[in-house]
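Peer 1: The structure is given below, and queries will be raised subsequently.
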Amino acid sequence: MSEETTVQPGDTAEVMEQPAAVATARRRAPKQDATLAQAVELARQAVMESAGAENVGEHLGIDVHEDRLLSHLFDCTMAGYPGWTWFATVARAPRTKVVTVCEVGLLAGEKSLLAPEWVPWEERMQAVKEQNEEEEQGDQDSEDEGESRTSDESESGADAPEGDNATAAGADDQDEASS
């Protein structure tokens, strides 16, 4: 509470307010609401609408967020999602018994399979560019090897047509006969 000072006309006194007493707020743990805790089937129906009945397993428990706000947790039986948990968050207004579904979703657990860490587009493209350059270099190296092999073979006469070899052999025979 602040202390008031009365100032008369002509007084030059400054008005000084004392700081108000600050109430220290104690934070208590939220209470589990019995009406919301009993709304398991409503929560299950909401999850099944989103995920399909075949993907929702047994009720795993309740996670209390605030007074009159909690989440029901269900096992995820969907293939490819081991360790994941479905949730349906429910709430109700004060002094009513009407339960409302706020949100439905899927949460990863400690042993869940997760996607790899996101890599920025520029870095992903850099990796692809480097891979393409390596492949092009490898293709050029194999082409160079193929060209050198071809030139070696043609010098030895291995690439010459069969008729040319026969002609060459026939010419050798003629040379021997004439001598």
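Peer 1: Does any residue of segment 39-58 turn out to be touching a helix residue (DSSP H, G or I) at 6+ places or on another chain (Cβ under 8 Å), within 18 Å of Cys102 (Cα to Cα) and of a type outside the set (A, V, I, L, M, F, W, C)?
Peer 2: Looking through segment 39-58, none of the residues is touching a helix residue (DSSP H, G or I) at 6+ places or on another chain (Cβ under 8 Å), within 18 Å of Cys102 (Cα to Cα) and of a type outside the set (A, V, I, L, M, F, W, C).
Peer 1: Name the residues in segment 33-47 that are surrounded by 12 or more Cβ atoms within 10 Å (Cβ to Cβ) and within 20 Å of Trp86 (Cα to Cα), would you?
Peer 2: Once the filter is applied, which keeps residues that are surrounded by 12 or more Cβ atoms within 10 Å (Cβ to Cβ) and within 20 Å of Trp86 (Cα to Cα), segment 33-47 yields Leu36, Ala37, Ala39, Val40, Leu42, Ala43, Arg44, Gln45, Ala46, Val47.
Peer 1: Would you check if there is a residue in segment 30-40 being hydrophobic (A, V, I, L, M, F, W, C), assigned to a strand (DSSP E or B) and touching a Leu at 6+ places or on another chain (Cβ under 9 Å)?
Peer 2: No - not one qualifying residue is present in segment 30-40.
Peer 1: Give the residue that is nearest to the chain's Cα centre (by Cα), with candidates limited to residues of segment 72-97 that are surrounded by fewer than 16 Cβ atoms within 10 Å (Cβ to Cβ) and more than 13 Å from Gly57 (Cβ to Cβ).
Peer 2: Filtering segment 72-97 for residues that are surrounded by fewer than 16 Cβ atoms within 10 Å (Cβ to Cβ) and more than 13 Å from Gly57 (Cβ to Cβ), the one nearest to the chain's Cα centre (by Cα) comes out as Gly80.
Peer 1: Among the residues of segment 54-65, is there at least one that is at pLDDT below 95, in contact with a Lys or Arg (Cβ under 9 Å, 6 or more places away or on another chain) and not acidic (Asp, Glu)?
Peer 2: Taking every residue of segment 54-65 in turn, none turns out to be at pLDDT below 95, in contact with a Lys or Arg (Cβ under 9 Å, 6 or more places away or on another chain) and not acidic (Asp, Glu).
Peer 1: Regarding Glu122, is this residue assigned to a helix (DSSP H, G or I), touching a residue at least 12 places away in the same chain (Cβ under 8 Å) and of a type outside the set (A, V, I, L, M, F, W, C)?
Peer 2: So Glu122 fails the test.
Peer 1: Right, here's the next one. If Ser50 passes every condition in (1) among the polar types (S, T, N, Q); (2) touching a residue at least 40 places away in the same chain (Cβ under 8 Å); (3) touching a Phe, Trp or Tyr at 6+ places or on another chain (Cβ under 6 Å) but one, which one does it miss?
Peer 2: Against the list (1) among the polar types (S, T, N, Q); (2) touching a residue at least 40 places away in the same chain (Cβ under 8 Å); (3) touching a Phe, Trp or Tyr at 6+ places or on another chain (Cβ under 6 Å), Ser50 comes up short only on (3).
Peer 1: Would you mind stating whether Thr100 is surrounded by 11 or more Cβ atoms within 10 Å (Cβ to Cβ), free of Cβ contacts under 8 Å to residues at least 24 places away in the same chain and under 30 Å from His72 (Cβ atoms)?
Peer 2: Considered against the rule, which asks whether it is surrounded by 11 or more Cβ atoms within 10 Å (Cβ to Cβ), free of Cβ contacts under 8 Å to residues at least 24 places away in the same chain and under 30 Å from His72 (Cβ atoms), Thr100 comes out as yes.
Peer 1: Among the residues of segment 100-113, is there at least one that is modelled with pLDDT under 90 and basic (Lys, Arg)?
Peer 2: The answer is yes, given that some residue of segment 100-113 is modelled with pLDDT under 90 and basic (Lys, Arg).
The values are calculated or read from the model by the stated rules, or taken from the named source; none is laboratory data. All figures in this text were calculated on a predicted structure; none of them were measured in a lab. Here the Cβ is made from the backbone with ideal geometry for all residues, glycine too, and neighbour counts use every protein chain on show.
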